[in-house]
Amino acid sequence: MNRKESEQAYRDYVKQHVVDVQAVWAALQPLCTGEAYMPEAYAFAINAQIECHDGSKLGMNEFEGYRQWFYPAVQEMKIKADFDLAWNHHQKHNPHHWQYWIMWQPDESKVLPMPFCYIIEMLCDWGGMSVKFGDSPTQFYDKNKDTMLLHGTTKQTIGFWLRYVECAVAKVKAARAGKRT
Ligand SMILES: [Zn+2]
């Protein structure tokens with residue numbers, strides 16, 4: 001893979017991830033009835049967010065750091081420091097990452113509650129990864145929650161919505177497998 005092919009491979013990966021996240025969100029919306037009713041204004045806001053999900057990954061501050069780390073061109077040396085800078089930029093500029101809501105303080109950093117619309121985008125993000133890697137968002141959460149710094153209300157919201165996102169992911173997987181849902 002030469003440099004140009006590496007750039008293309010990385011760009012394709014980001015595009016596919018965005019398609020997957022959008023598919024999970026599209027499958028989630030019809031499930032939002034009854035106790036899971038989502039006010040239209042929220043759905044509208046999430047639509048807008050997910051439309052440009054992970055857009056910063058294609059920008060100046062992230063593209064190269066991610067590309068060389070995940071899709072190095074032939075004989076290219078991977079540079080961890082560049083990946084760290086890209087990932088740090090990503091989590092500090094994208095409110096759908098829980099790390100965005102950690103406020104640094106000299107004694108102990110403070111965990112702020114995540115606004116609802118960003119929690120849903122985060123769950124659709126996990127869902128998109130599940131579509132790609134085959135696990136479920138609940139498995140991902142159970143495996144990683146001990147290392148996440150989450151506010152109590154954020155945990156509650158995740159706990160409630162995870163089962164709906166789980167259903168949405170199952171629908172996307174089934175549709176891709178060509179089965180009827
Ligand atoms: Zn992201």
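Just so it is clear, none of the values below were taken in a lab; they were calculated from the coordinates. Keep in mind that what you see is a predicted model, and the values were worked out from it rather than measured. Positions of Cβ are generated from backbone atoms using ideal geometry, with glycine treated the same way; all protein chains shown enter the neighbour counts.
Pairs needed: first member in the range 87-104, within 20 Å of PHE63 (Cβ to Cβ); second member anywhere, near the ligand (Cβ under 10 Å from one of its atoms) and of a type in the set (Lys, Arg); C-beta distance under 7 Å; at least 6 residues apart or different chains. Short answer, once both residue conditions are applied: HIS90/LYS57.
When the range 60-73 is limited to residues that are part of a helix (DSSP H, G or I) and surrounded by 18 or more Cβ atoms within 10 Å (Cβ to Cβ), the one that is farthest from the ligand (Cβ to nearest atom) turns out to be GLN68. MET1 falls short on exactly one of the conditions (1) surrounded by fewer than 17 Cβ atoms within 10 Å (Cβ to Cβ); (2) part of a helix (DSSP H, G or I), and that condition is (2). Within the range 84-98, restricting attention to residues that are within 8 Å of the ligand (Cβ to nearest atom) and outside any helix (DSSP H, G or I), the residue that is farthest from the chain's Cα centre (by Cα) is ASN94. Within the range 20-59, the set of residues being aliphatic (A, V, I, L, M) and more than 14 Å from the ligand (Cβ to nearest atom) comprises ALA23, ALA26, ALA27, LEU28, LEU31, ALA36, MET38, ALA41, ALA43, ALA45, ILE46, ALA48. Look at VAL111 and say whether it is under 16 Å from TYR10 (Cβ atoms) and of a type in the set (A, V, I, L, M, F, W, C). Against the criterion (under 16 Å from TYR10 (Cβ atoms) and of a type in the set (A, V, I, L, M, F, W, C)), VAL111 does not qualify. Just one of (1) surrounded by fewer than 17 Cβ atoms within 10 Å (Cβ to Cβ); (2) more than 16 Å from the ligand (Cβ to nearest atom); (3) under 23 Å from HIS96 (Cβ atoms) fails for MET77. It is (3). Within the range 4-31, the only residue that satisfies the criterion of being buried (at least 20 other Cβ atoms within 10 Å of the Cβ) and among the hydroxyl-bearing types (Ser, Thr, Tyr) is TYR10.
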